[in-house]
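Read the structure below first, then the notes.
The values are calculated or read from the model by the stated rules, or taken from the named source; none is laboratory data. Here the structure is a predicted model, which means the values were calculated and not measured. Cβ placement follows ideal geometry from the backbone for every residue including glycine, while neighbour counts extend to all protein chains displayed. For accessibility, only protein heavy atoms count, side chains too; no ligands or nucleic acids. Shrake-Rupley method; radii C 1.70, N 1.55, O 1.52, S 1.80 Å.
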Amino acid sequence: MKDLNKAISKNLKKIRKRKDLSLDALSNLTGVSKSMLGQIERGEVNPTISTILKISNGLKVSFTSLLKNEKPEIDQIPFEELNPVFEGDGHKLYPVIPFEDDKRFETYIVEIKPGHKYYSEGHVKGTEEIITVFEGELLISIGEIDYFLKKNDTIRFNANKSHVYENRGLKLTKLNLILHYE
């Protein structure tokens, strides 16, 4: 957790300075208090997922752009070494490849327990989502339309509107999720 807070601190400060924002201006954009933003930049607190989402939405940057560390030339990523950044009652979200300004995408592994639904309010306009199911099955509702995916199926859609992921099966659903930004 300490390394994650260090990365968040470093990345937030870098992005804020690159956008030429004061802590006051950043507070106005994000709805996060100036004092909390200062504590995050100094690495003094463990920000909640909700706070990180408010900051990333206010800055109009990806969630993982605040979490990433320096990129090595070759990076093998064993699943056992991934830590979920969001763990709800029935799902886990593991960041695999964080967003990079020159690549404009990020990838996750998502696990959804049987009988669980996960709601997404939608992403920044121009965001495309690509999902491939590797285990189990997934019902994804985009707007008013439901799409059923089974093992090895893929769906690709404009993700700026709300959508719901649901595992109606009897076993764990495991999927790869790619967010591609305009």
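Any idea which of 22, 67, 43 is furthest toward the positive side of the dipole for segment 1-129, if Lys and Arg beta-carbons carry +1 and Asp and Glu beta-carbons -1?
The listed residue farthest towards the positive side: 22.
Note the full-extension length gain between residue 153 and residue 141 as 0.36 nm times their separation in residues minus their Cα-Cα distance, in nm to one decimal.
2.8 nm
Could you check which residue among 49, 74, 140 shows the biggest mean-square fluctuation in a GNM of the chain with a 10 Å Cα cutoff?
Comparing 49, 74, 140 in the GNM, the peak value goes to 74.
Measure out, as a whole number of angstrom, how far apart the alpha-carbon centroids of segment 42-97 and segment 103-132 sit.
13
Could you give the accessible area per residue of segment 57-182, probe 1.4 Å, as a whole number in Å²?
60
Any chance you could run the full-extension gain for residue 35 through residue 120? It's 0.36 nm times the residue separation minus the Cα-Cα distance, nm to one decimal.
27.7 nm
Report the dimensions of segment 7-88 along its three principal axes from the alpha-carbon atoms, largest first, rounded to Å.
40, 31, 23
If one takes the longest principal axis of the Cα atoms in the chain, at what angle in degrees, from 0 to 90 and to the nearest 10, does the Cα axis of helix 49-59 lie?
Once rounded, the angle reads 70 degrees.
Could you work out [θ]222 nm for the chain from helices alone, using -39500 (n - 2.57) per DSSP H run of at least four and dividing by all its residues? Round to the nearest 500 deg cm²/dmol.
Here the helix-only value at 222 nm equals -7500 deg cm²/dmol.
What number in nm² do you get for segment 49-163 if you take the convex hull of its Cα atoms and divide its surface by four?
Over every viewing direction, the Cα hull of segment 49-163 projects on average to 8.0 nm².
Return the long-range amide H neighbours of residue 159 (sequence gap of 5 or more, or a different chain), with a cut-off of under 5 Å between placed amide H atoms.
Residues meeting the amide H criterion: 127, 128, 129.
What Kirkwood radius, in Å to one decimal, follows from the Cα pairs of segment 123-167?
Evaluated on segment 123-167, it is 10.8 Å.
Between residue 24 and residue 97, how many nm apart are label points set 7 Å from Cα along the C-beta direction?
4.2
What list of ³J(HN,Hα) couplings, whole Hz, do you get for segment 167-182 from phi and the Karplus terms 6.51, -1.76, 1.60, once you set θ to phi - 60° and write x for glycine and proline?
9, 8, x, 9, 10, 4, 9, 10, 9, 9, 10, 10, 10, 10, 9, 4
GluC sites (Glu not before Pro), restricted to segment 1-72: which are DSSP loop and have at most 12 other Cβ atoms within 10 Å?
44, 70
What do you get for Rg/Rh of segment 99-174 when both radii come from the Cα atoms and Rh is the Kirkwood radius?
Rg/Rh for segment 99-174 comes to 0.97.
At a 1.4 Å probe, what is the % contribution of carbon and sulfur to the accessible area of segment 58-101?
Looking at segment 58-101 in its full context, I get 48 percent from C and S.
Under 5 Å between amide hydrogens, which residues at least 5 positions from residue 100 or on another chain qualify, with H placed 1.01 Å from N in the peptide plane?
HN-HN under 5 Å from residue 100: 105.
Using the Karplus equation 6.51 cos²θ - 1.76 cosθ + 1.60 (θ = phi - 60°), what ³J(HN,Hα) coupling, rounded to whole Hz, does each residue of segment 142-153 give in order, writing x for Gly and Pro?
10, x, 9, 10, 9, 10, 9, 10, 10, 3, 6, 7
Per residue of segment 14-28, what does 6.51 cos²θ - 1.76 cosθ + 1.60 with θ = phi - 60° give for ³J(HN,Hα)? Whole Hz please, x for Gly and Pro, Karplus curve as stated.
5, 5, 4, 5, 4, 8, 6, 10, 7, 5, 4, 5, 5, 4, 5
What order do 168, 16 take when sorted by accessible area (1.4 Å probe), most exposed first?
So, going from the largest accessible area down, we get 168, 16.
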